[in-house]
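Report on one structure; see the data block that follows.
Since every read-out is calculated from the coordinates, none of them should be taken as a lab result. All of these numbers come straight from a predicted model, not from anything done at the bench. FYI the Cβ positions are ideal-geometry reconstructions off the backbone, even for glycines, and counts take in every protein chain you see.
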Amino acid sequence: STHNTFAQPKKPDSDFDSYHQPINVPQTKRITLIPNGLNPNIILEQNIKKTLGRSPDNSIVVNNEYISKHHLTVLFDGAYVYIEDLNSTNGSYFDGEKLTPGKSMRFPDGKRLLVGSRDVIYTLGPIS
């Protein structure tokens, strides 16, 4: 009889899947922020915070005199979009309700985000 001294230990069948699970695979859900003007739609990728403002170092640059240099941040967590006003001069609003500066607020479904002036309005598009 032959004896294999290099036999692999047998993995329990019930745990088969646990040996093949990828570790920390980032989610790839995306959501669209749709502007009312000529700017293109903004794709928000899960867990990547974006900043919006007039300054060129923002990830979303909006050339509008009522927008602060660093006006707000936008974060999509895979389920919801959160907006945080960065103590901007003219504020950010959900359908007329002013956001508290420095406090992250969930973007309510069906609402419009007004940034700085009534010329800059965003709505949420579909999740992909």
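Amide H to amide H, with H built 1.01 Å from N, Arg30 comes under 5 Å of Ser128, counting only residues 5 or more places away or on other chains.
Mind ranking 98-105, 87-94 by how tightly packed they are, going by the mean number of other C-beta atoms within 10 angstrom, highest first?
Averaged packing, sorted descending, gives the order 87-94, 98-105.
Applying 1/(1 + (r/R0)^6) with R0 = 35 Å to the Cβ-Cβ distance of Lys69 and Ile121 gives a FRET efficiency near 0.95.
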